[in-house]
Amino acid sequence: MAEVVLSHVGKVYTDGTRAVADLNLEIVDGEFLVLVGPSGCGKTTALRMVAGLEDISEGSVAIGGRVVNKMPSRDRDVAMVFQSYALYPHLSVRDNIGFGLKLRKLPKDEINSRVADAAEVLGLAEHLDRKPRNLSGGQRQRVAMGRAIVREPQAFLMDEPLSNLDAKLRVQMRAEIGRIQRDLGVTTIYVTHDQTEAMTLGDRVAVMRKGVLQQIAPPQVLYDRPVNLFVAGFIGSPAMNLVHATLERGDGGDFTVAVGDQRLQVSEKVLSERPDLERYVGKAVIVGVRPEDMEDATVAGDAEGRTLTAPTNLVEPMGSDVMAHLTLAARAAVTEDIKELAEDDGGRVLDESATTTTIIARFSPRTELQVDDEAKVYVDTDRLHYFDPDDGTAIWGDDNPATTTTPNTSQGTTEGEST
Amino acid sequence: MQHGRYPFIVGFLILPLTLYGVFVISPFVQAFHYSLTDWSGVSPDLSYVGLQNFQTLMRDGLFLQALRNNALLLLGLPAITVMLALFFAFLLNVGGAKGKAGVQGIRGNGFYKLAFFLPQVLSVPVIAVIWAVIFDPTSDGLANSALGWVGLGSFGWLADPNLALYSVLWVLIWGSVGFYLVLFNAAMSSIPRDIFEAALIDGAGRFSTFVRVTMPLLWDTIQTSWVYLAILSLDVYALVAVMTAGPGGPDNSTQVISLQIAQNGFQFGRAGYASAMGVVLFFLTLIIATVMLRLTRRERIEY
């Protein structure tokens, strides 16, 4: 086990395409780091450079203190789980798992006992003599995991290991991967485009976009304090609602956000947390609000200056919550970041000129809201997010605690956040 | 079953099946028939001699010599060709340059593929003529002058009874490697790249990747190639007929069964006897192909 350090790592392909730029990651011993981002953001390339499957064009990668740039994969002592599992089709489950050990010329007894142990952990004991083609998708995935586990490597590298499984199995295997990693305490780099996997598995999550690291932080920090529109829009499902708004300071010194024709009151506490907001008074900003930070005002109770009204165009009861799709009279935020996210989201159509925005609110199931009703929405204005409309960065003070890049494995720290 | 489907199928099959029957099956049957006669090949008269032709064969020194030569080709050609073709295909595909990360072929892979495949587009007589010139036994010959430069002296090649058959074998290999290289190359590129990468990370070097991953995954293709080459090495008529002295010389050192059949059937007027040889060759081919397929049978591989 060891720490993995990427410093100023870049990848430029021979045709001049840049896949990764100046990537700095410091993954401490035993940490579970998730690399997440839309397809083509360079996360897999970064992982493959650590694995030794791609040349490192710039910077250096160190595993356990050794710089491995020129070291072939087999000497790096890492194990990889592939998206396709990449099992050896001609070998039994037993030989698949033991392949790496056999190549390292371990004694037969040792191989057998290690394979048996891994099979036990993964529930493959009765399938050891079967060939991969006779296994289900979930079992193949386990074999791929087993192949990594028995090696007892310095680091696990996982390249979207769950994306070929159906939804139910994915949840199950996700939990299992988390459990195994915790039990073994092996440093792990996990690549995924699924933000749920990222949030549930990672000690820290690194969000990448077009080869550039956007933010690296524990999942809850990432969720609560995204550094820019891209991270804000990418993390969270349903996504954060983003609309154009203006910051205003009233005569009484009270601070308001004008969303379309409606106004939301913001407490002084927010200002002290985000001193830079002061500079945006009278200017346009992009305001973000998470679906769960809104509630049906008839359920939450009316709060002066903290409600919006908007017609309802769709109500989706989920049992535990109700997803209300509302047509808010405010201009939708459409920036490069958001366009890219929409593209990753299956080409959702964005209309820059529209004067209304569909926002999604997560209401309590006690709501009696119906389609076409005029919804009164209570907004938790302490938890609004503010972004600069030009460059998309989050508006904080000088010391946004979320931009920290130093390792911090304590999960779910939310500095100074209270509502 | 829809109405009129059988006439439709039969309609399509009747012509090819008739041609196959007339030009492939019937000559085989006729050969079996003639092998029991003393037919000269031209005269309308023939009489049955039972198995006498086959008894003569067993004592025919020339035929036995041809059989031995074919056996040597059978041992050498498939093994060497398959090994070389596999080796080159592996280099072209995954043998990659040292110091480079990941799984990739060597540089200029397209050029090598073309270069190796080139002999395949030449007809056998052309190959035979080219190599007959290269193997010129005088010290001015191409092969000999090349060896002369590096101080290895000159050889008789096709003129040396001890070397002639090996020279033939060499030309056969030279002519076949390219095709099998392209075949293996195609088969290899259908193996998911991930599997090679997994092997790399599991700690496999080039050699163990080749032996433990590539070979088993290509087994079906290798097996088929092996049988094909075995059948080829029992034939080799055209090359020997054009390239060697005599042909079949010197001193019958390159004599092969197919050459014997042609000589007996068309030159010596012993068509019945030649047919008997053909029958023996037929069974030999059948047995060897069956045995090879049996011995090398493995479980089918699916990705």
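One table, with the values for the structure above:
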quantity	calculated
Some residue of segment A:337-355 being within 29 Å of the chain's Cα centre (by Cα), closer than 19 Å to A:LEU247 by Cβ and among the small types (Gly, Ala, Ser)	no
Selection status of A:GLN172, under 28 Å from A:THR335 (Cα atoms) and assigned to a helix (DSSP H, G or I)	no
Number of the condition not met by A:GLU54 [criteria: (1) surrounded by fewer than 22 Cβ atoms within 10 Å (Cβ to Cβ); (2) more than 9 Å from chain B (Cβ to nearest Cβ)]	(2)
Every residue from segment B:26-45 that is at pLDDT 85 or above and over 29 Å from the mean Cα position of the chain (by Cα)	B:LEU36, B:THR37, B:ASP38, B:TRP39
Lone unmet requirement of (1) under 28 Å from A:LEU341 (Cα atoms); (2) within 9 Å of another protein chain (Cβ to nearest Cβ); (3) assigned to a strand (DSSP E or B) for A:LEU33	(2)
Residue match in segment A:150-168 (condition: on the phi < 0 side of the Ramachandran plot, without any contact (Cβ under 8 Å) to a residue 12 or more places away in the chain, within 27 Å of the chain's Cα centre (by Cα) and surrounded by fewer than 19 Cβ atoms within 10 Å (Cβ to Cβ))	yes
Residue in segment B:195-207 that is surrounded by the most Cβ atoms within 10 Å (Cβ to Cβ), counting only those that are part of a helix (DSSP H, G or I) and modelled with pLDDT under 90	B:ARG206
Subset of segment B:213-235 [within 14 Å of another protein chain (Cβ to nearest Cβ) and either buried (at least 19 other Cβ atoms within 10 Å of the Cβ) or of a type outside the set (D, E, K, R) (or both)]	B:VAL213, B:THR214, B:MET215, B:PRO216, B:LEU217, B:LEU218, B:TRP219, B:THR221, B:ILE222, B:GLN223
Qualifying position, being part of a helix (DSSP H, G or I) and more than 17 Å from B:LEU74 (Cα to Cα), among B:ALA289, B:ALA274, B:ALA245, B:ALA230	B:ALA274
Of all residues in segment B:82-99 being modelled with pLDDT under 70 and on the phi < 0 side of the Ramachandran plot, the one that is nearest to the other protein chains (Cβ to nearest Cβ)	B:LYS98
Residue match in segment B:177-191 (condition: within 14 Å of another protein chain (Cβ to nearest Cβ), touching a residue at least 60 places away in the same chain (Cβ under 8 Å), of a type in the set (A, V, I, L, M, F, W, C) and farther than 28 Å from B:PRO119 by Cα)	no
So B:GLN255, is it within 18 Å of the chain's Cα centre (by Cα), of a type outside the set (Asp, Glu) and within 14 Å of chain A (Cβ to nearest Cβ)	no
Some residue of segment A:93-110 being surrounded by fewer than 21 Cβ atoms within 10 Å (Cβ to Cβ), more than 9 Å from chain B (Cβ to nearest Cβ) and closer than 18 Å to A:ASP183 by Cα	no
Unique residue being under 22 Å from A:HIS193 (Cα atoms) and in contact with a Lys or Arg (Cβ under 8 Å, 6 or more places away or on another chain) when the list is A:ALA394, A:ALA342	A:ALA342
Matching entry among B:TYR112, B:TYR6 (being modelled with pLDDT under 90, surrounded by 11 or more Cβ atoms within 10 Å (Cβ to Cβ) and of a type in the set (Phe, Trp, Tyr))	B:TYR112
Residue list for segment A:57-92, restricted to those being among the small types (Gly, Ala, Ser), at negative phi, within 32 Å of the chain's Cα centre (by Cα) and more than 9 Å from chain B (Cβ to nearest Cβ)	A:SER57, A:SER60, A:ALA62
Helices (runs of 4 or more DSSP H) wholly inside segment B:100-160 that include at least 3 residues being at negative phi and in contact (Cβ under 8 Å) with a residue 12 or more places away in the chain	B:109-117, B:124-134
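The values are calculated or read from the model by the stated rules, or taken from the named source; none is laboratory data. Keep in mind the model is a prediction, meaning the values are calculated, not measured. In this analysis, Cβ positions are derived from the backbone assuming ideal geometry, glycine residues included, and neighbour counts consider all displayed protein chains.
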